[in-house]
Amino acid sequence: MNITLNGQAFDFQGRTIEDLIRETAPQKPFAVALNTAFVAKSAYADTLIGDNDQIEIVRPVVGG
């Protein structure tokens, strides 16, 4: 399925946020948003991704 990951087209073969995290292996710590809504880590396995969804995997910015 075609999704947008961090602003780029991405061909994703999984079904859930957990599958996407496993496939992309982002550096920790990170947060995930699906169609601009935050997804709690406890919900990764149950959160389904659909065709044309927009996912952002972001790292926190620290400093001042």
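Which of P29, I17, S42 sits closest to the plus end of the dipole of the chain, meaning its Cα is farthest towards the positive end, when Lys and Arg get +1 and Asp and Glu get -1 on the C-beta?
P29
Rounded to the nearest 500, what is the 222 nm mean residue ellipticity of the chain from helices alone, with -39500 (n - 2.57) per DSSP H run of 4+ residues and division by all residues?
-3500 deg cm²/dmol
Once the other residues with Cβ under 13 Å from the Cβ of K41 are scored (Lys, Arg +1; Asp, Glu -1), what is the net sum?
-1
Around M1, with a cut-off of 15 angstrom between Cβ atoms, what is the net charge of the other residues, counting Lys and Arg +1 and Asp and Glu -1?
Net charge in that neighbourhood comes out at -4.
Compare Q54, Q13, Q27 in a GNM of the chain, Cα atoms joined below 10 Å, and give the one with the largest fluctuation.
So, out of Q54, Q13, Q27, the one fluctuating most is Q27.
In the neighborhood of P26, defined by Cβ-to-Cβ distances under 14 Å, what is the net charge if each Lys or Arg adds +1 and each Asp or Glu adds -1?
Residues close to P26 contribute a combined charge of 0.
Values quoted throughout were computed directly from the atomic coordinates according to the rules given, and no laboratory measurement underlies them. Note that the coordinates shown come from a computational prediction; the quantities given were computed from them, not determined experimentally. A quick note on method: Cβ atoms are made from the backbone with ideal geometry, for glycine too, and the neighbour counts reach across all protein chains shown.
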